[in-house]
Amino acid sequence: MAVTCARGLEGVLRSELEGLGFAPAGEAPTVVEVCGTLRDCMRLNLWLRTAHRVLWLWKEFPARSAEDLYRGVAGLPWEEVLRLDQPLNVRAANQADEEGVSTAWMALKCKDAIVDRMRVRLGRRPDSGSTPKGACVFLLRSAGRFRLYLDTTGVPLSFRGYRQESVEAPLRESLAAGLLLASGWTGRTPLVNPMCGSGTIAIEGAGIASRRAPGLQRSRFAFTSLRGFPREEWEQLREAARREVRPIRIPIVAADWSREAVEIARRNARRAGVENAIRFEVAELDATPVPGPRPWIVLNPEYGHRTRPSAEELEELYHRIGQFLRRHGQGGRGVIITGHLALSRRFGLKLARKWTVFNGPIECRVVEFELSGPE
Ligand SMILES: C[S@@+](CC[C@H](N)C(=O)[O-])C[C@H]1O[C@@H](n2cnc3c(N)ncnc32)[C@H](O)[C@@H]1O
């Protein structure tokens, strides 16, 4: 299986996979590989917090010509895997070292080979579409070979289902969870999320602290559209995941100076089933309540990409964030993710760790500080 994630989260994803009992077999930018069955894919889709997609490798073959592609794809027993009543979505990608073939052409050729085979074997073919509403297939061209995957996820796992409203420039859910896990937060110390926007960091924190499977909220995954999908086994996995949910014993604070943002965050938390575990406050940064001991203070401040405070305002804000962390540390940790690469050096605190991650196409820095408390 190839499990994909945002660039920069591979290490956290690897730890998550190990925690679920899988031994990673390989790693490259945005992907960690593990061995497993289609049934394992269901568990991974349900439990992984930092992954985007779980791709199940079905076949690899040489990519010398268009005929190779058509023959390689049409040679597989699609009629045993796909259903006629479920739409088919085919995506394709070309690894950077490959030239001269458009991914649209690859996807079209692949889809033709699949539906031609089904028409011959079954007399009918499924509809195909550009959105992942049913079964999903992914074709990758890399190092002179095609790799054909069943995409068992469809809509990426970062879309948990709870965030139906958001403020400008929200963090992806998988990235918010990745931030917390990478910083070593285990859900046993207080979590404070000033400038919470739509509440993603606090909501993901509540999910981690309560051991709530992130996929429990989703209504569908692409594997449910495959022929022979073991519904009973899936329901058992979900039931077992529901039994895993624990009460949250630590304070979690989500605050923002915008009342509208706080209301959005609250409604998102309600949909995620964690509203009662989070204390919501309409508060300017400096007035955010910080319960101790050893709080993890995690922020995603504006950085002037899509939202537009002036350069001076931003500089002043980042300086104030540094002061806030210094004042409220109490032996905890400060974690800040920002797309403002220059300002990420302006907090005036001693750095514990700095790393790079992508929020969609935007390159971000994560800076982490050990917080010793008031001087
Ligand atoms: C980039 S957004 C955070 C997005 C959030 N991580 C999410 O996933 O939705 C930054 C937020 O900081 C808030 N904010 C900006 N300046 C603030 C201040 N001085 N005090 C409190 N909140 C502030 C804005 O209202 C906005 O909601």
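The values are calculated or read from the model by the stated rules, or taken from the named source; none is laboratory data. For clarity, every value in this text was computed on a predicted model and none was experimentally measured. For neighbour counting, all protein chains shown are included, and Cβ atoms are generated from backbone atoms with ideal geometry for every residue, glycine included.
At-a-glance table
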read-out	value
Of all residues in region 217-228 being modelled with pLDDT of 95 or more and surrounded by fewer than 19 Cβ atoms within 10 Å (Cβ to Cβ), the one that is nearest to Ala277 (Cα to Cα)	Thr224
Residues of region 330-356 satisfying the condition of being surrounded by fewer than 22 Cβ atoms within 10 Å (Cβ to Cβ) and part of a loop (DSSP other than H, G, I, E, B)	Gln330, Gly331, Gly339, His340, Leu341, Ala342, Arg346, Gly348, Leu349, Lys350
Test: residue in region 358-369 that is touching a Lys or Arg at 6+ places or on another chain (Cβ under 6 Å), of a type in the set (A, V, I, L, M, F, W, C) and in contact (Cβ under 8 Å) with a residue 24 or more places away in the chain	yes
Index of the failed condition, Thr153 passing every other in (1) β-branched (Val, Ile, Thr); (2) surrounded by 24 or more Cβ atoms within 10 Å (Cβ to Cβ); (3) within 16 Å of the ligand (Cβ to nearest atom)	(3)
Qualifying residue in region 319-328 (condition: surrounded by fewer than 19 Cβ atoms within 10 Å (Cβ to Cβ), under 30 Å from Phe159 (Cα atoms) and under 28 Å from the mean Cα position of the chain (by Cα))	no
One residue from Leu140, Leu84 being among the hydrophobic types (A, V, I, L, M, F, W, C) and either within 24 Å of Cys35 (Cβ to Cβ) or not assigned by TED's automatic domain parsing to the domain that holds Cys41 (or both)	Leu140
Ala202 within 16 Å of the ligand (Cβ to nearest atom) and of a type in the set (A, V, I, L, M)	yes
Condition check for Val167: aliphatic (A, V, I, L, M), surrounded by fewer than 24 Cβ atoms within 10 Å (Cβ to Cβ), within 12 Å of the ligand (Cβ to nearest atom) and part of a loop (DSSP other than H, G, I, E, B)	yes
Where a residue in region 313-327 is assigned by TED's automatic domain parsing to the domain that holds Arg345 and farther than 13 Å from Pro194 by Cα and its partner, wherever it lies, is crowded, with 16+ Cβ neighbours inside 10 Å and of a type in the set (Gly, Ala, Ser), with Cβ under 7 Å and at least six apart	Leu314/Gly304
Residues (farther than 19 Å from Ile208 by Cβ and not basic (Lys, Arg)) located in region 256-279	Asp256, Trp257, Ser258, Glu260, Ala261, Val262, Glu263, Ile264
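Conditions tested, residue by residue: (1) among the basic types (Lys, Arg); (2) over 27 Å from Pro29 (Cα atoms); (3) not in a loop (DSSP other than H, G, I, E, B).
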position	(1), (2), (3)
Leu82	no, yes, no
Asp85	no, yes, no
Val90	no, no, yes
Trp105	no, no, yes
Cys110	no, no, yes
Asp116	no, yes, yes
Pro126	no, yes, no
Ser130	no, no, no
